[in-house]
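Comments concern the structure below.
The values are calculated or read from the model by the stated rules, or taken from the named source; none is laboratory data. Small disclaimer: the values here were computed from a predicted structure and weren't measured. When we count neighbours, we look across all protein chains shown, and the Cβ atoms used for this are built from the backbone with ideal geometry, even at glycine.
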C-alpha cells in the first residue's frame, strides 16, 4: 500500500471511528475507490483502529486513571468486605465496561472468519451504511434522556456493539443510539460508548499482533501501517471532541443523511 493511501485511509478511519458513519465501511469503500488491495485489509483495519484506541486513551486520560485507581482500590480485602466496588461510581463503571464487552468477545471469536469475508464486499457494506442512516435518523424521535448507566443498559449497548462488528454498521452510532433509547443522558452515553470499546480494540490488537508476528511482515508494510496509525490517532482525537459537542446539541441524527447518500452511491457504483 502506498504511503499516501495509508495516510488518507488512516485519516478517514480516525474521523469515521467517532463520527457515526462506520469507519470500517468507509475504509473498505475508500480502498475500493482508490484501487488498493482489499485482501490484507484486516491487518490495516486493526492497526488504524488502534490509532483510534490511543486517541480515546489520551482524550479520556484523567477519567481512565480515576477508573483504574478506584477499581483496584475496591479489590483489596477490606474494600471487598465493605462492598466498595458496588458503592464506588468509578469501580462500578469498570464492571459495566466488562459486562458490555462480553457480547463482542463471543461474536468476534465465533464469527471471525465470516466477518472477515464481509470486508471484501463493497456492495454489502454500502447497503449497511443505509441501515446505519436509518438507525441514526431514528434518534431524532428520542425524548428526554436523564438516566445513568447500569448493568442492563451496559449489556444492551454491548449487544449492539457486537452486532456493529458487521462492516458498514457504525459502532459509535449504534451504541449511542441504543443508549439514548434506553434513557441514558447524552454525556453518559457518549462517555460510555467510547470507554466500552477500549477493551475490545485492545484485545483485537493483541490478537492481530500475534498473527503478524507468526506470519511475518515486511519493513515497507510496517512503515505504511505506522503512517496509517499516526493519521488515525490525530484525526480521531479531534473527531471525538467534535462528536461530543454535536451530541450535546441534539443534532446526532444529521449524520443519517450523509450515510444514506454514501450508501446509495456505493450500491449503485458497486452493483
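Can you find even one residue in the stretch 77-96 that is surrounded by 14 or more Cβ atoms within 10 Å (Cβ to Cβ) and in contact (Cβ under 8 Å) with a residue 60 or more places away in the chain? Checked against the condition, which is being surrounded by 14 or more Cβ atoms within 10 Å (Cβ to Cβ) and in contact (Cβ under 8 Å) with a residue 60 or more places away in the chain, the stretch 77-96 yields at least one hit. Residues in the stretch 141-162 that are surrounded by fewer than 19 Cβ atoms within 10 Å (Cβ to Cβ) and either in contact (Cβ under 8 Å) with a residue 60 or more places away in the chain or assigned to a loop (DSSP other than H, G, I, E, B) (or both): 142, 143, 144, 145, 146, 148, 150.
Helices (runs of 4 or more DSSP H) fully within the stretch 1-71 that include at least 1 residues being over 19 Å from residue 121 (Cα atoms) and modelled with pLDDT under 90: 3-18, 41-59. Would it be correct to say that residue 124 is at pLDDT below 95 and touching a helix residue (DSSP H, G or I) at 6+ places or on another chain (Cβ under 9 Å)? Taking the combined requirement at face value, the residue satisfies it.
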